[in-house]
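Remarks on the structure that follows.
The values are calculated or read from the model by the stated rules, or taken from the named source; none is laboratory data. Computed from a prediction, not measured in an experiment: that's the story for all the values here. Positions of Cβ are backbone-derived with ideal geometry, glycine not excepted, and every protein chain shown enters the neighbour counts.
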Amino acid sequence: MSKIAANTVKKKTAEKVGADERVISFVKRHIRGLLALIVGVLLVHDVFGTHGFMAMRRTAREIKKVQADLDQLNKENTDLEQQVRDLKSDPHTIERLAREGAMLARPGEVIIKIPQARVAEASARSKP
């Protein structure tokens, strides 16, 4: 190898070593700041990230809301099941619905239908 090539290799090696030393000294000088920055980023991610604290609270609220809706629907379902049982087996319920809905009456009874507007007016007048 020629002297020029050997000098070029030595310069490149020296530059590489000098750059490595500069990086190491930079890291040593700023290690606390870098660690604080990393910890800060991790904290922000844990609080506001996709699966962070805020997302967990939002999900818990949604679960409570859905659970309340589910309880309400289960109650309505139970009431409707009771109505179905009554309609299948309770003669008083069947008679009441037939009288109210189809305007049916027993022999000798007279049905008087009052329009809803008059009922609302009468109830408004009776309340002081």
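Before moving on, here are some points about what is shown:
- Counted as qualifying within segment 24-128 are the helices (runs of 4 or more DSSP H) with 3 or more residues that are surrounded by 11 or more Cβ atoms within 10 Å (Cβ to Cβ), namely 53-89, 91-101.
- Here V66, V39, V17, V44 are screened, and the one residue that is among the hydrophobic types (A, V, I, L, M, F, W, C) and modelled with pLDDT under 85 is V17.
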